[in-house]
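The values are calculated or read from the model by the stated rules, or taken from the named source; none is laboratory data. Since this is a predicted model, take the numbers as computed values, not measurements. Virtual Cβ from ideal backbone geometry, glycine too; neighbours counted across all protein chains shown.
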Amino acid sequence: MAHVAKKIPLGEPGAVFEQYEDIHQQNDSYVVGMWAFLVTEVMFFGALFLMYSIYRWKYQPYFWEVHHELDWRLGALNTTILLASSFSMALAVHFAQRTQKTKQLMCLGTTVLCAFGFLVVKGIEWSAKWEHHHIPGPNFHWTEATVPPNVAQLFFSLYFAMTGLHGVHVVVGIIVISVLAILVAKDNVMVKGDYIPTELIGLYWHFVDLVWIFLFPLFYLIPR
Amino acid sequence: MNFQLAPDRASNFAGQYDALFYTFSAFAVFFTIAVFVMVVTFVTKYRRGKKANRANPIHHNSLLEAIFMGVPTIIALTMFVFSAKLFVDMRTPPKNSYEVFVIGKQWMWHLQHPNGIRENNELHVPVGQPVKLTMISQDVIHGFFIPDYRVQYQVVPGRYTQLWFTPTKPGKFNLFCTIHCGTQHSEMGGYVYAMEPKDFAEWQATGGNRFKERPKNLADAGKQLYEELLCNNCHMEKDNPRAPSLYGIFQSKRKMTDGTVVEADENYIRESIVNPYNRLNAGYGNQMPIYEYKKQISEEQIRMLLEYIKTLGSAPAPVTTPAPTARGNAAGGQS
Amino acid sequence: MSHDHLETHDGDYSHHVVPISKLITTFILLIVLMAATVFASTWHLGDAWYFSVFANLLALGIAVTKALLVISYFMGAKWASNLSKMFIIGGFGWFTTMYFMFLDYGTRQWEPIKGWERDASTALPRFKDLDENPEAQDVGQQPASP
Amino acid sequence: MSAVATQVSHQEKNYLNDENTIKSWLLTKDHKRIAVMYLVAISIFFLAGSIAAGMIRLELVSPRGAFLTNDAYNRTFTAHGVIMIFLFLLVGIPAVFGNFLVPLMIGAKDLAFPRLNLVSLYLFFTGAAFALLALIFGGVDTGWTFYTPYSSMYSNSQVALVLVGAFILGFSSIATGVNFIVTIHKMRAPGMTWFRLPLYIWSHYATSIIIILGTPVVAITLLLVVLERVFHLGVFSPELGGDPVLFQHLFWFYSHPAVYIMILPAMGVVSEVIACFSRNSIFGYKFVAMSSMAIALLGFFVWGHHMFISSQSMYQGLVFSLITFLIAVPSAVKVFNWSLTMYKGSVWLASPMIFALGFMGLFVIGGLTGVYLGSIGTDVHLTGTYFIVAHFHYVMVGGTVMGFLAALHFWWPKMFGKMYNESMAKVSAVLVFIGFNVTFFPQFIVGYLGMPRRYHYYYLNPDFQIWNIASSFGSTVLALGFLLPVIYLTKSLKSGAPAGPNPWGATGLEWEVESPPTKHNFHEIPVVTGLVYDYNSEADEAAWEEEEREMEHVTRGGQH
C-alpha cells in the first residue's frame, strides 16, 4: 500500500503495557484518561448544581430562611478538614514522584484520616436532621411559619442529594486511597517506583475537594 | 372507514399551518428527488465496467462546499421566520377570547365554561369566536391536542398553560391526549363540538350544564358524582374486562388475587376508591385511577358514592350474585 | 508500570514535581479564602436585589478562586500537557453551557405577551367549586414564589 | 483486488482461535473479542426489541386492539423503546465496530485501556440484566422518556429497576467514550495526523465527546428519579414546588445529543463504504470530518426542540428552533459530499454499498421530515403524533440500523475471515429498504392526520385504521429483511469462502492485516504518509476490465 512507507519494530514488552510503545505514551494516556473521566464528573455534579441554581433563583428568600437549619461552623470545619486532606494528598504525590515511600505513606494515611473525620462530622449533621424530621418524605416536619413546608422539603432534597452524592465520592476515595496505601506498603509491582497511580488518585481526590468548595457557600452560607 | 390524506381545516390556524406544511413538503420532495436523481445518475453512469470518462476526479471544491452550506442556511433561515411567526401567533390570544378552563387528570378532561357549565371529555365552542383554554393538570403531564385545529399544548401540574384558537366551521372534531399519562392514556380523549353562535347560545341556556346543584339526598348526589367522575365508563351494569360491575356489590363476598375472600363492607369499598391496588379482585389488573393522591376526592364525596353504590344492590337486570368460588363472577369490585 | 527516571524533563511528556513550598502556600491561601468567604457571608448590605447578586457573586468568585488554586497547584494543571489543559478548560467550561436553560426560566414570566394582561379581575383563572372539596382548589396554585 | 494472491494459511493463529477456552473469552482484554461479544449480545437484544415491535404492530391492526390489554400494551412499547435505544442503538455501532476498528484503523495494538474496555462490557451486561429483570418482573409503562411526575410518583411499574439499569449502562458508555478519546489522541500510528484519519474515526471522536459530556447529566437525572421514587427526595415533584419540565430539560440535554451518538458512527460507516465502493477518495474530506464535530457540538444546543409545547418559555423555543435549523446544514453537507464521491468513480454495487445507498435515501427523508419538527410552528401539530414516530424511525432504523448492516456486511470478512452469500445479502438489502418504507411512510400520513403516539386504541377516529394496516403489513416484510442476514451470516461462519485480507480492495490500515486479524493486530507498526482514501477509479476500472476479460477468456475456453 502506498501510504505505508517504513515499519518500526515493536517496543520491548514488560515495563510498559503491550498496547503502548513507550512509558511516556502510557503515562500520558493515563493522565489524559483521568482528566477525561473528571470531565464526566464535572457534568455529573454540574447537572445538580444547575438544578440547585434554578430552585435557588426561584425561591431565594425561602432558601435563605431554611439554610439556618444547617450549622455553618460544622460546614467550615468540614471544609478545613477536606482542604487539609487535599493538601496531604498533594504532598503524597510529591513524595511519590521523589520515591520517598515512608513520607508518601504517612501523607496517604493523613488523607484517609481526614476523609474519615469529614464523614464523622457529616454523620453528626445528618443525624441532627433525622432528629428534627428534616429528611424529605412522608415524615418531613416543618414548623417555621415563614417558609412553606414544601419549599423547605425541596431545599433538603437538594441538600441530601448533593451532599449525599459527594459523600459517596468521599467513601470511594477512602477505599481507593487505602488500597493504594496498602499496595505501596507491600511494594506491589503495580505501584512500585511508579508515581502515576498516586497522581491519578490524587486528581480524583482533589476533584472531591473541588465539589465541596462550591457546596460549602451554596448550602451553609447562602449570602444575601 | 374514510380514506383521508389530510385532517380537516377547522380553525383559523389551519390554513396558515397547512400553507407552511405544504411549502416544507415541497422543499422536502425537491431535495429528496435531487439527491435520488444525483445518486441514481452517478450509480448508473459510473457503474463499474461501464465506459465513462473517469479522468481527473475532483476531491474537493470550496465553491461547491460553500453552496452546500450557503443554500440550506438561507432556506432554513427563511423557513424559520415564517414558522416563528405562526408560533408567536399561536401563543398570543386576542383580548376578546372566550375562556374555558381545562383540568387534565388520569384519564379524563374536565372543562369549565365561564358561566359555570362543566363538561367531561367534551368541549362545546362557538364558531367565529376566539376561544382561550387555560389548562392545568391534577396529576401527571397531559397533552391537549385537536388535530383539525392544528393546536396542541402540554398540560402540566403546578402551573397554568394556555392555548387558543378560533373555530371556523361547525362540526364534531377529535380531541386527544398526546403525552403518555398511564394505563388508559389512549382513551383520554373526546370531541370538540363547534356550533354556530346561535346554537351555542341555546346550548348554554338549556342542556349545556350537565352538572347542576348537588341533590340533598346522599345517594342521588352520589349518582351524579358517579357520572361526573366517569366511574360508569368502566363499572357498567355487567362485569367487563376492564372492571367489575358494582351492582349488588355491597356486602357480597369478593375473591382477591391472593386467594382470600373479603366481604365488601363499607370500609372495603372506601379502600377500593382511595387505594384500589391494596386488595385487588381476582382477574383484574391495576387500571383504576388512584383517588388518594392529592386528595382528589373528599370524605364527603366518598360517602356519597358509598350510599349510591349501596342502592345498586337492587340491580335493574337479574345480576348473578358473585359467588366466592366461581372465578368469573367472583372477579369483583375494585370499586 | 515502573518508572525510574523521574527528574528527566523531555518534551511534553514531563511531569513536573510541584515543590512543597508552593503546596504549603496554596494550602494557606485556601484556608484564608475560606475564612474570607465565611466572613463575607455575614455582611448584609441591604435588601435590594443587587446587593444579593453582589454577595452571591462574591461568594462564587471566592469559590472559583479556590477551585483555580486547587486545579493549578494541587492537581498540577499549571504544568500539565496542552492536551490535559484542553480537557480541563473544555470540560470545566462546558458545564456552564447547561445554564442555557436559564433562558427558559428567565423568560417564562413574560409569557404570554399580549392579550393576557387584561383587567386584573379576569387575569387569573377562576376555580370555583370544581368539586365541593376545598382542597381541590389549591391544586393549581404554585407555592407562592417570592 | 488481490484477495487470492495473499491467502492466509489456516494454521496461523488469529484473535478468534488464539486461545479457545471460555475463560479466555470472558476475561479477554482484546478489543476484537470484546467487540464480538458485544455483537452477540446486541443481536439478541435487537431480536427481543423486534418481537416487542411486532406485538405493537399486530395490536394496532384493529382500532380496539387485537390481543393486548392497556397495561400490557404500555409495557410492550416501553420495552421496545428501552431495549432498542439503550441496549441496541446507543451501543450498536460504537461498541461493536468502534471497539473492533478504532485500534485497527489508527494503527494501534489495542485501545488505550483494555481492562477498562472489559469493565465496560460487564457494566453493559449488568445494566442490561437490570433492565431485563425489570421487564420480567412486570415491565415498565412510562415510555422510554420516563417523564416525571408519571415516572416518579404515579407509575406502578418497575421504573426504579430500569432506571438503575440505565444508570449503569450510562457508565458503560462513559467508559467506552473515555477509552476511545484517549486512544484516538494518544495511540495513533506515526504519521497518522488528524487530517489523515479515516472519517469513521472522526465520527467516533465526535461521538465520544458527546458521550463524556452528555451521559453524566442523564445519569444523575435518572438517579434523582430513582431517589424520588424510593426515598421521596423530590427534586422534580410539583407538589414540592419543583418544576416537572426541568426533568425534560435535563433528559433531553443528553437524549438529543444521544441521537447523534446513534447516527454519527453510522455516517462514518457510510463515508467509508461509499468511498470504497466508488473507488474514489471521499469528496470534501475536511468538510465531512468537520461536519461531524459541528453536529456534535451544535447538537448540545438544540435539546429544547423536543419541548416546544411543553410549557417552556416561548422565547427559548424560538432560539432552539433557530439553532435546530442550523444543525440541518452539516447533515446536508455530508449527504451532498457522499453523492459527489460517486462522481467519476467506479461504482461497485456490492451488498455493503446497497445498504449504504439505502442509508442515504432513508436518511434524507428522515432528515428532511426532521425540519418539520425542528421548525417551531409546524412542530405544534406534529409532535406527539405518529409523524414523529415515523421521523425518528427513518433516522434511527433507516439511518443507524442501515449503517449497522452496511458495517456488518463490509467488515464481516475482516472480523471472521469468511465471505457470505452475496446475492442473499442483496435480496436482504432490497427487502429492508422496501419493507421499511412500507412500514413507516404511512405513519407520516397517519401522524399528520392526528393519531397520537403510544395509543393502544384509536376508536375515537377509526379512519386511522387503513394506514395502520399498511404499516403492519410492511413490518412483516421488514422482519423478513432482518431475518435473512442472521441466516446467511451464520452459515458463512461454517461454510463461507475464505475472505483474504482485503476482499473489497479497500484502502485503510485495517485491510492490511490478516482476516481475521492476529491478537496484536499488527506485526509491525505502520507508518502513514498520506490520506487513507488512496483510491484511483481509473486504474481500478482498467484492472477490473482486464480481470473480466481473462475470466471471459477462461469461461469461453472452458466451453470449447
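Restricting attention to region D:419-440, does a residue exist that is closer than 29 Å to D:TYR147 by Cβ, of a type in the set (Gly, Ala, Ser), away from chain B (no Cβ under 12 Å) and part of a helix (DSSP H, G or I)? Looking for residues that are closer than 29 Å to D:TYR147 by Cβ, of a type in the set (Gly, Ala, Ser), away from chain B (no Cβ under 12 Å) and part of a helix (DSSP H, G or I), one finds none in region D:419-440, hence no.
Does B:VAL151 satisfy being free of Cβ contacts under 8 Å to residues at least 24 places away in the same chain, β-branched (Val, Ile, Thr) and within 9 Å of another protein chain (Cβ to nearest Cβ)?
Numbers: free of Cβ contacts under 8 Å to residues at least 24 places away in the same chain: no; β-branched (Val, Ile, Thr): yes; within 9 Å of another protein chain (Cβ to nearest Cβ): yes.
No; evaluated as a whole, the condition is false for this residue.
Restricting the search to strands (runs of 3 or more DSSP E) fully inside region B:37-146 and requiring at least 2 residues that are touching a Pro at 6+ places or on another chain (Cβ under 7 Å) and assigned by TED's automatic domain parsing to the domain that holds B:THR178 gives B:98-105, B:122-126, B:131-137. Scanning region B:188-197 for residues being facing chain D (nearest Cβ under 8 Å) and buried (at least 22 other Cβ atoms within 10 Å of the Cβ) gives a total of 1. Restricting D:PHE440, D:PHE482 to residues that are within 28 Å of B:GLN4 (Cα to Cα) and not β-branched (Val, Ile, Thr) narrows the list to D:PHE440. Scanning region B:69-86 turns up at least one residue that is over 29 Å from the mean Cα position of the chain (by Cα), within 7 Å of another protein chain (Cβ to nearest Cβ), among the hydroxyl-bearing types (Ser, Thr, Tyr) and surrounded by fewer than 17 Cβ atoms within 10 Å (Cβ to Cβ). For C:ASP47, the conditions (1) surrounded by 14 or more Cβ atoms within 10 Å (Cβ to Cβ); (2) at pLDDT below 85 are fulfilled apart from (1).
With respect to (1) surrounded by 17 or more Cβ atoms within 10 Å (Cβ to Cβ); (2) closer than 30 Å to D:HIS185 by Cβ, the lone exception for C:THR37 is condition (2).
Could you tell me whether B:CYS177 is surrounded by 22 or more Cβ atoms within 10 Å (Cβ to Cβ), in contact with a Gly (Cβ under 6 Å, 6 or more places away or on another chain) and of a type outside the set (Val, Ile, Thr)?
yes
The rows are residues; the columns are (1) surrounded by 21 or more Cβ atoms within 10 Å (Cβ to Cβ); (2) at the interface with another protein chain (Cβ under 8 Å from one of its Cβ atoms).
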| site | (1), (2) |
| --- | --- |
| D:TYR459 | no, no |
| D:PHE464 | yes, no |
| D:ASN468 | yes, no |
| D:GLY474 | yes, no |
| D:VAL477 | no, no |
| D:LEU484 | no, no |
| D:LEU493 | no, no |
| D:ASN502 | yes, no |
| D:GLU512 | no, yes |
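Selection over region B:16-40 of residues that are more than 9 Å from chain D (Cβ to nearest Cβ) and of a type outside the set (A, V, I, L, M, F, W, C) gives a count of 3.
A:PRO136 satisfies every condition listed in (1) touching a residue at least 40 places away in the same chain (Cβ under 8 Å); (2) more than 30 Å from C:ILE31 (Cβ to Cβ); (3) not hydroxyl-bearing (Ser, Thr, Tyr) except (1). Every residue in region A:65-86 that is touching a His at 6+ places or on another chain (Cβ under 9 Å) and surrounded by fewer than 21 Cβ atoms within 10 Å (Cβ to Cβ), please. A:GLU69, the sole residue that qualifies.
Within region B:232-243, does at least one residue satisfy the condition of being surrounded by 18 or more Cβ atoms within 10 Å (Cβ to Cβ) and under 30 Å from B:ARG9 (Cα atoms)? No, because not a single residue in region B:232-243 is surrounded by 18 or more Cβ atoms within 10 Å (Cβ to Cβ) and under 30 Å from B:ARG9 (Cα atoms). Go through region A:108-162 and report how many residues are more than 14 Å from A:LEU82 (Cα to Cα), of a type in the set (Val, Ile, Thr) and within 14 Å of another protein chain (Cβ to nearest Cβ). Selection size over region A:108-162: 4.
Per-residue answers, yes or no, for (1) buried (at least 24 other Cβ atoms within 10 Å of the Cβ); (2) under 15 Å from B:VAL43 (Cα atoms):
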| residue | (1), (2) |
| --- | --- |
| D:MET267 | yes, no |
| D:TRP348 | no, yes |
| D:LEU357 | yes, yes |
| D:GLY361 | no, yes |
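Do we find that B:THR183 is more than 7 Å from chain D (Cβ to nearest Cβ) and either more than 11 Å from D:GLY450 (Cα to Cα) or not polar (S, T, N, Q) (or both) in this structure?
No, not satisfied.
When you look at D:MET396, is it buried (at least 24 other Cβ atoms within 10 Å of the Cβ) and under 21 Å from the mean Cα position of the chain (by Cα), yes or no? No: the conditions fail for D:MET396. Among residues of region A:62-86 that are farther than 15 Å from A:THR163 by Cα, those with a beta-carbon under 9 Å from a residue that is acidic (Asp, Glu) and surrounded by 23 or more Cβ atoms within 10 Å (Cβ to Cβ) at least six positions away or on a different chain give the pairs A:LEU83/A:ASP209; A:SER85/A:ASP209; A:SER86/A:ASP209.
Of D:LEU118, D:LEU68, all but one fail to be touching a helix residue (DSSP H, G or I) at 6+ places or on another chain (Cβ under 8 Å) and not in a helix (DSSP H, G or I); the exception is D:LEU68. I'm checking my understanding of the structure. Among residues of region D:228-240 that are surrounded by fewer than 23 Cβ atoms within 10 Å (Cβ to Cβ) and within 22 Å of A:PHE63 (Cα to Cα), which one is nearest to the other protein chains (Cβ to nearest Cβ)? Applying the filter and picking the extreme gives D:HIS232.
Scanning region C:81-98 for residues that are surrounded by 14 or more Cβ atoms within 10 Å (Cβ to Cβ) and among the hydroxyl-bearing types (Ser, Thr, Tyr) yields C:SER81, C:SER84, C:THR97.
Return a yes/no flag: does region D:362-383 have any residue that is β-branched (Val, Ile, Thr), in contact (Cβ under 8 Å) with a residue 60 or more places away in the chain and over 27 Å from B:MET69 (Cβ atoms). Among the residues of region D:362-383, at least one is β-branched (Val, Ile, Thr), in contact (Cβ under 8 Å) with a residue 60 or more places away in the chain and over 27 Å from B:MET69 (Cβ atoms), which makes the answer yes.
Of all residues in region D:303-341, those satisfying the criterion of being at the interface with chain B (Cβ under 7 Å from one of its Cβ atoms), assigned to a loop (DSSP other than H, G, I, E, B) and of a type outside the set (A, V, I, L, M) are D:SER310, D:SER311. The condition of being out of contact with any helix residue (DSSP H, G or I) (no Cβ under 7 Å at 6 or more places or on another chain) and under 28 Å from B:LYS85 (Cα atoms) holds for only one of D:PHE392, D:PHE325, D:PHE387, that being D:PHE392.
Of everything in region B:115-143 that is more than 12 Å from every other protein chain (Cβ to nearest Cβ) and modelled with pLDDT of 90 or more, the residue that is surrounded by the most Cβ atoms within 10 Å (Cβ to Cβ) is B:VAL125. Restricting to region B:157-180, name every residue that is assigned to a loop (DSSP other than H, G, I, E, B) and at the interface with chain D (Cβ under 8 Å from one of its Cβ atoms). Passing the criteria: B:GLY158, B:ARG159, B:THR178, B:ILE179, B:HIS180.
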